[in-house]
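Just so you know, all these numbers are worked out from the coordinates, no wet-lab data involved. Here the structure is a predicted model, which is why all the values come from computation and not from measurement. Cβ placement follows ideal geometry from the backbone for every residue including glycine, while neighbour counts extend to all protein chains displayed.
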Amino acid sequence: MIDAGAEGPRIAIVGGGIGGLAAGAFLRREGISATVYEQASQLREVGAGLVVAPNTARLLRRLGVLAALAARAVRLDVGWEFRRWRDGAVLSAEDLASACERLYGEHTYTAHRADLLEALRSAVPDGGVRLGSRCVDLTVRGDGRPVLRFADGETVEPDVVIGADGIHSVVRGAITESASATYSGLCAFRALVPSEHAPDFARRAAQTLWIGPGHHLVHYPVSAGRSVNLVAFAPARDDAVESWTATATVEEFLAEFEGWDPRLTALIRAAGTPGRWALLDRAPLRRWSEGAVTLLGDAAHPMFPFFAQGAAQAVEDAAVLARCLADDLDDPPRALRRYERLRIPRTSRLQDASHTRSLVNHLPDGPDQQARDRSFAEADPLVANGWIYAYDPDDALLNTADA
């Protein structure tokens, strides 16, 4: 048991991305202070767009930041709009404008990652984020206290460490079994197109997925409609790397979608320098915590982006973790064990579902593809995925007894 003192445990959050700032924000909501250590010299989110589904929106509302984000985002009227690769024929589409709030109590939005990051930052106390602090090592003393070491030579000995330091997590490597990555055979392209250069169909308040043999592409507007976000998936080249900062050329992007509907290739042609990164496959971890150290977000459960739930699951992690610590401040290791019991089954299910989705989206033309297209026309993905969108951490906590 940790002697946390009268002011509560000293909590260090390693990583100032979406998950780390969400953890800081939800801990503050529970009356618990924490320090976020971020390696960058300024808070910024690389990448481009993301989907803020109802399970994320309700948590942002509880933090008091949803209205500010919504002003910079786009509320979707249409989602799960699947189109055929060659001619753009609509296979199915979901009326989010009328159904989403009725089913789940919140709308679905699309946003630039930087806008979500800023919204979460506004819910973290001033002075709660230390920039330019790159964690290079984590050890645990004989008495169980974690020791963090930073690139500038600083050493910190908190009571609790939350590793929110992404897919290449230093914290994960120190406390849990190796999450060895395997080659998925896929890479992702991403790009932003200024709305004035985008065709009309791409400027709609719609999340559209074009699917075809071995490839698919998703687009939707972000930044209050000022840009259109593109993210596409294709077979990976040997030199692709798992990095948000690697780039490709528009010509390389276009080559992957040669022969697709001309409207889609015109949208790609309007993009600036696209990013490109490899998708590496990782099996779900069996545990996230060791003593007073735990993981959150991509450090715990990196997943393929095919259900657009990576950021959402990090925010959910943060909400559950904060409540578990608030309920058991005198024994953080026990609180962290409860947290991982609550979260691992759900995030593992999403990792598996996201993995399977690529096989469905990338079928070659033929009988299986035709059967899939018929099933899309008959499906209601907004209802079928209710297990994702209806999730409420408060309900999960109420329904799970302490160990």
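Can you tell me the 0 to 90 degree angle between the C-alpha axis of helix 310-327 and the longest principal axis of the chain, rounded to 10? Computed tilt is about 20 degrees.
Highest mean packing comes first when the peptides 353-362, 324-333 are listed by Cβ atoms within 10 Å, giving 324-333, 353-362. Placing a label point 7 Å from the Cα of Ala89 along the Cα-to-Cβ line, the residues of region 202-219 whose backbone N sits under 17 Å from it are 209-213.
Residue exposure proxy: Val147, Val231, Val161, ordered by other Cβ atoms within 10 angstrom of their Cβ from fewest to most, comes out as Val147, Val231, Val161. Hydrodynamic radius of region 202-292 by the Kirkwood approach over all distinct alpha-carbon pairs: 15.1 Å. Could you tell me which of rounded, prolate or oblate describes region 281-403, using a ≥ b ≥ c as the square roots of the eigenvalues of the alpha-carbon gyration tensor, with rounded for a/c under 1.5 and, failing that, prolate when a/b is larger than b/c and oblate otherwise? Note, shape of region 281-403 comes out prolate. Counted by neighbouring Cβ atoms within 10 Å, the residues Val218, Val228 run from fewest to most as Val218, Val228.
Panel order for Leu120, Leu295, by other beta carbons found within 10 Å of each beta carbon, from fewest to most: Leu120, Leu295. When the Cα gyration tensor is reduced to axis lengths a ≥ b ≥ c, the ratio a/c is 1.5 or higher for region 28-86, and with a/b not above b/c it is classed as oblate. Considering only Asp143, Asp261, Asp298, the Gaussian network model of the chain with Cα springs below 10 Å gives its largest mean-square fluctuation to Asp143. The protection proxy used here, the mean number of other Cβ atoms lying within 10 Å of each residue, ranks peptides 299-310, 371-382 as follows, highest first: 299-310, 371-382.
All alpha carbon pair distances within region 106-254 were sorted into 10 Å bins beginning at 0; the resulting P(r) in whole percents reads 8, 26, 28, 24, 12, 2, 0. For the pair Ala71 and Thr155 in one chain, pulling the backbone fully straight at 0.36 nm per residue adds 26.2 nm over the alpha carbon distance. Among residues other than Glu177 with Cβ under 10 Å from its Cβ, the summed charge is +3 (Lys and Arg +1, Asp and Glu -1).
Here Ala266 and Asp330 are evaluated by their C-beta separation; at R0 = 45 Å the FRET efficiency comes out at 0.15.
Sequence-distant contacts, meaning Cα pairs under 8 Å at least 6 residues apart, place the relative contact order of region 268-340 at 30 percent. If a paramagnetic tag sat 7 Å from the Cα of Thr139 along the Cα-Cβ line, which residues of region 157-177 would have the backbone N under 15 Å from that point? Residues 157-158, 174-175 fall inside that zone.
Would you mind calculating the relative contact order of the chain from Cα pairs under 8 angstrom and at least 6 residues apart, reporting the percent as a whole number? So the answer I get is 21 percent.
Size estimate for the chain follows the Kirkwood approach: the inverse of mean 1/r over distinct Cα pairs works out to 21.8 Å.
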